[in-house]
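Colleague: Just dropping this structure here.
The values are calculated or read from the model by the stated rules, or taken from the named source; none is laboratory data. Every value quoted in this text rests on a predicted model; they were computed, and no experiment measured them. Counting neighbours? That spans all protein chains shown, and the Cβs are built from the backbone with ideal geometry, glycine included.
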Amino acid sequence: MSDAASGSQTVAEAHVALRARDDIQFDLPHAPPRPPAKPMHLPEISAAFFWVVIAMAAAFILYIIVRAIVDREPKGAPLPTAEQEVAKWRPEEKVARALLAEADAMAAAGRFEEAARLLLHRSLEDIAKRKPKLLRPALTSREIGRAPLLPDAVRAAFDAMAAPVERSLFGGRSLDRAAWESARAAYGDFALPKAWS
């Protein structure tokens, strides 16, 4: 027997002896299959989402109802008259009188254009205070006078003050005393209707 054959037999015998031992594990047992992962329960998620949406909708409807009740005027409350609506646009009497005194002083010095422009510019400031979004830099006085947000009395007074100022600035005509007095009367009739002097 050659050395190679005896070496093979020795390895084979060693292998058989090794496999015969019971303290070494040669075969791996099959692991039990993993249980499948629990799928998301869409019905539970859908139900929760549904109730959240319902709660938000109910809160929104409740807000609208409460807002309507709070904002509602008492039953039988009369609608404001045209005069009451216009009164909201009038400057304070003290302010109007001071403005007229300043404009009258300019007119007395023969500065009719400046006096009329002063009344117009202050009127624009008053409009801007009451309706800030109404005035934009590119608007002409005619466009402002046609604004639907202006009550008729405000529109008429504004147009009567704007017309002579436009004639003076864009028409190249000097304002005379009659044109100034027309603009002053328009402002006075509007700002001080019961105490116009």
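Colleague: Answer yes if at least one residue in region 50-72 is in a loop (DSSP other than H, G, I, E, B), among the β-branched types (Val, Ile, Thr) and at pLDDT 75 or above, and no otherwise.
Modeller: Scanning region 50-72 turns up no residue that is in a loop (DSSP other than H, G, I, E, B), among the β-branched types (Val, Ile, Thr) and at pLDDT 75 or above.
Residue-by-condition table, conditions (1) within 13 Å of GLY188 (Cα to Cα); (2) among the hydrophobic types (A, V, I, L, M, F, W, C); (3) in contact (Cβ under 8 Å) with a residue 12 or more places away in the chain; (4) touching a strand residue (DSSP E or B) at 6+ places or on another chain (Cβ under 7 Å):
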position: ALA107; (1), (2), (3), (4): no, yes, yes, no
position: GLU113; (1), (2), (3), (4): no, no, yes, no
position: SER123; (1), (2), (3), (4): yes, no, yes, no
position: ILE127; (1), (2), (3), (4): no, yes, yes, no
position: ARG130; (1), (2), (3), (4): no, no, yes, no
position: GLY145; (1), (2), (3), (4): no, no, yes, no
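Colleague: Considering region 141-175 alone, what residues qualify as being modelled with pLDDT of 80 or more, exposed (fewer than 14 other Cβ atoms within 10 Å of the Cβ) and not in a helix (DSSP H, G or I)?
Modeller: Within region 141-175, just SER174 meets the criteria.
Colleague: I would also like to ask the following. Could you check how many residues of region 79-96 are in a helix (DSSP H, G or I) and modelled with pLDDT under 80? Quick ask: steps written out before the conclusion?
Modeller: Of region 79-96, the ones in a helix (DSSP H, G or I) are 82-87, 93-96.
If we keep only those that are modelled with pLDDT under 80 as well, we get 82-87.
Residues flagged as in a helix (DSSP H, G or I) and modelled with pLDDT under 80 within region 79-96 amount to 6.
Colleague: For region 115-137: of the residues being closer than 27 Å to GLU181 by Cβ, within 21 Å of the chain's Cα centre (by Cα) and not aliphatic (A, V, I, L, M), which is surrounded by the most Cβ atoms within 10 Å (Cβ to Cβ)?
Modeller: Here the answer is ARG130.
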